[in-house]
Protein chains: 2
Amino acid sequence: MGLASRTCEPCKGNLSPLSREEAEGMLREIPGWELEEGATKIRRTFRFRDFAQAMAFARKVGEVAEGEGHHPDLTVGWGYCGVVFQTHKIRALHRNDFIMAAKVNALTP
Amino acid sequence: MGLASRTCEPCKGNLSPLSREEAEGMLREIPGWELEEGATKIRRTFRFRDFAQAMAFARKVGEVAEGEGHHPDLTVGWGYCGVVFQTHKIRALHRNDFIMAAKVNALTP
């Protein structure tokens, strides 16, 4: 089953961060994303025709995030929407971040 | 007449950037904003209860921006929405940026 169809697990108890090797392995399942800041974050920037299109995409990302209770940091401006995931509680990457990234990828045509 | 009730002038022809002194003077009319990057940008970060509130605010900012045809760069995440204005055509500050900032301030209670 693909990552996009999985559900984030509750961020409770001891969350173990992914190692760089694990993160690099999972990155192959989410085309377009890259590791950032010592493999503690993942980022992808999506391009759009104008501001309105970028904002509409940001809203859709926000809706998916609300649904899973796992929220990105977004940058939005004319023609772009950047999406960053990190599991803030551990300041590192968790499997949930990759599930969210796959769901965000699934929003694009 | 306050800045918030003014309209952005069309960004055509020779746009002259504001000097630092002019920008500092106009900053007094937009509480909460500060100059950035050698007085070429203005920024304010708004705080919210959660992600949804921050996203709702970003949407409202986007609607004002569409109405004026002058767009910010936004950062949105759990509990915050950062708003940056710059007149991209001149990579500097123009009176329009301050008009937009005042309109954004007017969105807050």
What nm value, rounded to one decimal, do you get for the distance between B:GLU34 and A:LEU107 when each label is placed 7 Å out toward the C-beta? 3.0 nm
What whole-number volume per residue, in cubic angstrom, does the convex hull of the C-alpha atoms of the stretch B:6-109 give? 90 Å³
Calculated [θ] (222 nm, deg cm²/dmol) that DSSP helices of n ≥ 4 give over chain A, each run adding -39,500 (n - 2.57): -10500 deg cm²/dmol
Given the rotation that superposes chain A on chain B, what residue of A brings its beta carbon nearest the axis, and what is the distance in Å? A:THR75, 3
How many nm separate the modelled label positions at B:GLU9 and A:ARG49, each set 7 Å beyond the Cα in the direction of the Cβ? 3.1 nm
When only C-alpha pairs under 8 Å and at least 6 residues apart count, what is the relative contact order of chain B, in percent? 36 percent
Determine the dipole magnitude for the protein assembly as shown: charges of +1 sit on the beta-carbon of Lys and Arg, -1 on that of Asp and Glu, nothing else is charged, the reference point is the Cα centre, and the result goes in debye to the nearest 20. 240 debye
Find the accessible area per residue for the protein assembly as shown; the probe is 1.4 Å, ligands and nucleic acids are left out, and the unit is Å². 52 Å²
Under a Cβ-only charge scheme (Lys and Arg +1, Asp and Glu -1), can you give me the dipole magnitude of the stretch A:27-109 about the Cα centre, in debye to the nearest 20? 80 debye
What is the angle, in °, between the Cα long axis of helix A:51-68 and the longest principal axis of the Cα atoms in chain A? Nearest 10 is fine, range 0 to 90. 30 degrees
Which residues' amide hydrogens lie under 5 Å from the amide hydrogen of B:TYR80, considering only partners 5 or more residues apart or on another chain, with H built in the peptide plane? B:PHE48
Total accessible area buried between chains B and A, 1.4 Å probe, in Å² to the nearest 100? 1300 Å²
Average partner chain C-beta neighbours within 10 Å, per residue of B:65-78? 5
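The values are calculated or read from the model by the stated rules, or taken from the named source; none is laboratory data. Just so you know, these numbers come straight off a predicted model, no measurement behind them. Note that we place each Cβ from the backbone using ideal geometry, even for glycine, and neighbour counts take in every protein chain shown. Remember, those area values only see protein heavy atoms, side chains included, never the ligands or the DNA or RNA. Shrake-Rupley method; radii C 1.70, N 1.55, O 1.52, S 1.80 Å.
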